[in-house]
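Chemist: Here it is, the structure, as structure tokens.
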Amino acid sequence: MDKKIELELRAGVPTQKRELFQRLLADAGVLHSHTKRLSVMYFGDIGSKKLDIRVRVTNGECEVVVKSGSFGAHDRIEMAQKITPEEFLGMVKIFTQFDFTIEVGERETFNYALPNNVVVSLVSAGPISYIELEKMSSEADVEKNNKLLKQWAKRLGLQLLKSEKEFNILCKCLTEKVDWPFHGTNEEYVKLNKLFNSYLNK
């Protein structure tokens, strides 16, 4: 298990500017990974704590990720645990017992490494694209690293999401146009399992 602060800023990207930003990122940094990911996403509360749980497969590798903190926050605590492909559907079934909102989403991401261990990701979800600037941080370094990420956003000409309301608008667009709700029906498990098997070969 790994526990850390995921310091992250986000910006929307108009579809017509996706290729432009990809060129900008290629000039500013180095492409270190290209991922295709299928995620079963759980959003809910336990007591006063907001939890974002992901059971996901990325380029054939499976894991469970738990993020703690407000969904639109830029400094959530993140814990991750690798699982085997054989455990994927079992973990989905376990977390489906929670009274959480559940969605299934597919993402293609180009991750660029920038100086000072900053990672910028260009994420595509169907017709929707957005950018995440990320730097894993300790609690003592959050303020300093947040300034660093904002400097990079300015340099790249990004319009950062400035509030949880703006983040929720992006999430609503993803929910309405790309992702699909999951209720744990037999038909949905058949659909999910077929998708999952296709991601094992990517």
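The values are calculated or read from the model by the stated rules, or taken from the named source; none is laboratory data. This is a predicted model, so every value here is computed, not measured. Heads up, the Cβs are rebuilt from the backbone with ideal geometry, glycines too, and the neighbour counts pull from every protein chain shown.
Chemist: Among the residues of the stretch 177-196 satisfying the criterion of being within 17 Å of the chain's Cα centre (by Cα) and over 13 Å from THR101 (Cβ atoms), which is surrounded by the most Cβ atoms within 10 Å (Cβ to Cβ)?
Modeler: Within the stretch 177-196, the match that is surrounded by the most Cβ atoms within 10 Å (Cβ to Cβ) is VAL178.
Chemist: Of everything in the stretch 41-56, what is in contact with a Leu (Cβ under 8 Å, 6 or more places away or on another chain) and either within 26 Å of SER163 (Cα to Cα) or not in a strand (DSSP E or B) (or both)? Give them in sequence order. Give the steps one after another, and end with the answer.
Modeler: Residues of the stretch 41-56 in contact with a Leu (Cβ under 8 Å, 6 or more places away or on another chain): 42-45, 56.
TYR42, PHE43, GLY44, ASP45, listed by residue number.
Chemist: Do any helices (runs of 4 or more DSSP H) entirely within the stretch 113-202 hold 2 or more residues that are over 24 Å from LYS17 (Cα atoms) and among the polar types (S, T, N, Q), and if so, which?
Modeler: Counting at least 2 such residues, we get 142-156, 186-200.
Chemist: What's the number of the only condition in (1) out of contact with any Ser or Thr (no Cβ under 6 Å at 6 or more places or on another chain); (2) part of a strand (DSSP E or B); (3) within 27 Å of ASN197 (Cα to Cα) that ALA11 fails to meet?
Modeler: Every condition holds for ALA11 apart from (3).
Chemist: For the stretch 27-40, check the following and say yes or no: at least one residue is part of a strand (DSSP E or B), at pLDDT 90 or above, aliphatic (A, V, I, L, M) and surrounded by fewer than 14 Cβ atoms within 10 Å (Cβ to Cβ).
Modeler: Yes: the stretch 27-40 contains one or more residues that are part of a strand (DSSP E or B), at pLDDT 90 or above, aliphatic (A, V, I, L, M) and surrounded by fewer than 14 Cβ atoms within 10 Å (Cβ to Cβ).
Chemist: Every residue in the stretch 1-37 that is among the small types (Gly, Ala, Ser) and farther than 19 Å from ARG155 by Cβ, please.
Modeler: SER33, the sole residue that qualifies.
Chemist: Also, quick follow-up: Which number in (1) modelled with pLDDT of 95 or more; (2) surrounded by 14 or more Cβ atoms within 10 Å (Cβ to Cβ); (3) not basic (Lys, Arg) marks the one condition that GLY90 misses?
Modeler: Single failed check for GLY90: (2).
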